[in-house]
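Please treat every number below as a calculation from the coordinates, not as lab data. Predicted model only: the values in this text are computed from it and were never measured. Note that we place each Cβ from the backbone using ideal geometry, even for glycine, and neighbour counts take in every protein chain shown.
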Amino acid sequence: MKSKARDIYLDFYRGIATISVVFIHTVYWSGENYLTDNMGILYTLVLLVDVPLFVFLSGWSAFYTDNIKRTFDNLLKIWMQYIVFIIITDIVCHVILHPGTFSVQDLLYQMVFAGNTPYVPAVAGSLWFMPMWIPVTLVGSILTVLLRRSAEKSDQYIYIRIITFLLVGVAWFSVTNQSTYFGLSRNFCFYISFFLLGYLLADCRFKGRLWQYLALCAAIIILWFLVSRAFQIPAKGLQNAKFPPHLMYFVASLLSVVTAVYFRGKIDAIVQYCSAIRFVGKNALPFYFSQGIGSSIIYYVYPHFLPYGPSVTLAICFAVNLVITLVCGTGLILIYKGVFWVVDSTKRCMVKNRYSK
């Protein structure tokens, strides 16, 4: 296990990735109702900083711990945060705003990342991420801990072999459209590749010059278009290549990975100054849950700004979405801390009373 000092770049990048998701869901949910065809390139550009970067950063985070129990406890904590979030959401939507529509069965489905949220559709639409991210993080963390303890200094070559094996699987899925690859699902195979890549590059410092970074980005873009041509799919069709994840989406997503690695250690002043972004990064999942609220509410906002044109409407909707996300996310964090402070206090009292008898 490496240094326990908190990596502020990790928090900063996670904050950027979370805010990017807010923007993506502003564009792809309500934005589809007013963005014109000549802004179609925007649908491609926003997906360049997306879920693959978030999973890459999860692997980066795993570099700093070799405690599987802590990883499991953190995942359980995040699930509990989500349960608190979905209970509050259901109470507001189905008890306060729309009385008589509450269903215990729907709530139970939602607690396991299924079911619908009809009054806040972007919440349910965002939950595909959790059934992917939890097993990827758990399995990836267990794998990295076991390999770290057994392989010692040569472990990076093991990761390269594993990632290569997984990339063959991603290509296999893209060519054959099969559902499994040696028992691995398409989503799992795709995203755990980014997790392991994040772990492998977590301690990497790219010392090359700017022209070398730009040359690498240019090579990735060329490869992106070559893969597009090979599979005869539009290069700008990243949304279709995202569900289910395609090799072309993997290549395009490498741009954000390379950028994160290159700028690490080069923008210290910016990272130190942007404490708000780092706060979002430290609490990325609560804010991810909350963006579903903002992305749903802006359906009621955008019609009022259509006369100002799509660009202004998008800017206003993004600002509104971001503010709602930050407010709801911060509220969720405070509520969660309050709930579990009460639980911990009750436990301590029970233990104290038991030993005092």
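Here are some notes:
- Each residue of the stretch 160-169 was assigned a 3J(HN,Hα) from its phi angle through the Karplus curve 6.51 cos²θ - 1.76 cosθ + 1.60 (θ = phi - 60°); the sequence is 4, 5, 5, 4, 4, 4, 5, 5, 4, x Hz, with glycine and proline shown as x.
- Here the Karplus relation 6.51 cos²θ - 1.76 cosθ + 1.60, evaluated at θ = phi - 60°, turns the backbone of the stretch 176-186 into coupling constants of 9, 6, 6, 8, 9, 9, 6, x, 8, 6, 5 Hz, with x for every Gly and Pro.
- Ascending count of other beta-carbon atoms within 10 Å, so fewest first, for S185, S290, S126: S185, S126, S290
- Mean Cα-pair separation over length for the chain, i.e. relative contact order, pairs under 8 Å, 6 or more apart, %: 31 percent
- Count of lysine pairs in the stretch 8-356 with Cα separation under 25 Å (8 or more residues apart, or interchain): 15
- Most mobile listed residue (A252, A171, A202) in the chain, GNM with C-alpha springs under 10 Å: A171
- Under 5 Å, built H, 5+ apart or other chain: amide partners of T180: none
- Order of D11, D268 under a 10 Å beta carbon neighbour criterion, fewest first: D268, D11
- Label sites at W211 and F165, each approximated as a point 7 angstrom past Cα along Cα to Cβ, lie 4.1 nm apart.
- Residue with peak Gaussian network fluctuation, the chain [Cα springs, cutoff 10 Å], from V227, V175, V51: V175
- In nm, spacing of pseudo-spin labels at A319 and T65 (7 Å Cα→C-beta vector): 3.8 nm
- Principal axis analysis of the Cα atoms in the stretch 42-180 yields extents of 60, 38, 29 Å, listed in decreasing size.
- Fewest neighbouring Cβ atoms within 10 Å first, the residues Y119, Y273, Y302, Y199 line up as Y273, Y119, Y302, Y199.
- Dimensionless Rg ratio for the stretch 195-344, taking C-alpha atoms and the 2.2 N^0.38 Å reference: 1.35
- Cβ-based charge dipole, the chain, positive-most Cα from L184, G100, A269: A269
- Note on the chain: with charges restricted to the Cβ of Lys and Arg (+1) and Asp and Glu (-1), its dipole about the Cα centre is near 1340 debye.
- Average Cα contact separation per residue, the stretch 29-140, under 8 Å, 6 or more apart, as relative contact order %: 23 percent
- Hz values of 3J(HN,Hα) by residue in the stretch 313-324 - Karplus curve (6.51, -1.76, 1.60), Gly and Pro given as x: 4, 5, 4, 5, 5, 5, 4, 5, 4, 5, 5, 4
- Inter-site label distance for L334 and Q178 at 7 Å from Cα along Cβ, in nm: 5.3 nm
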